[in-house]
1. Which of the residues belonging to region 31-60 are farther than 23 Å from F15 by Cα and either of a type in the set (V, I, T) or touching a helix residue (DSSP H, G or I) at 6+ places or on another chain (Cβ under 8 Å) (or both)?
2. Could you check H31 against (1) of a type outside the set (A, V, I, L, M); (2) modelled with pLDDT of 90 or more; (3) under 17 Å from the mean Cα position of the chain (by Cα); (4) surrounded by 14 or more Cβ atoms within 10 Å (Cβ to Cβ) and say which number it fails?
3. Within region 1-16, take every residue that is hydrophobic (A, V, I, L, M, F, W, C) and over 11 Å from M71 (Cα atoms) and give me the one that is modelled with the highest pLDDT.
4. As an exercise: evaluate H66 against (1) at pLDDT below 90; (2) surrounded by fewer than 12 Cβ atoms within 10 Å (Cβ to Cβ) and give the number of the one condition it does not meet.
Amino acid sequence: MTTQPPYRAQESYSFACMRCGYGWEQDYEIHHHVHADGSESVTYRADGETVPSPLSRPVCVNCGSHVVRIMQPGRVHVFEELLQGSHRAQPHGHHWWNRPAP
């Protein structure tokens, strides 16, 4: 039982899967609770549902991998551009490991 109403905060995070390259963003409503015994707890809500902390062990919503990078909001677009840029810089069949020797 809490002694006072929870303090609520809003936070957003960007996520990028290092396995499949999928990127997404999520908004969270964070509830900070102070209990009658003085202990504190935090709950996270996303899209109206209680969810685990996005900072503890994020999971890719596309492939299920736990190798996920957490970033500031708005970073998915930048990450996707970096991935696309790296693919443009190394067209298929012309990677550094299959170039002819000089």
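The values are calculated or read from the model by the stated rules, or taken from the named source; none is laboratory data. Since we're looking at a predicted model, the values are computed, not measured. Positions of Cβ are backbone-derived with ideal geometry, glycine not excepted, and every protein chain shown enters the neighbour counts.
1. Hit for region 31-60 is V34, nothing else.
2. For H31, the exception is condition (3).
3. Looking at residues that are hydrophobic (A, V, I, L, M, F, W, C) and over 11 Å from M71 (Cα atoms), I get A9.
4. (1)
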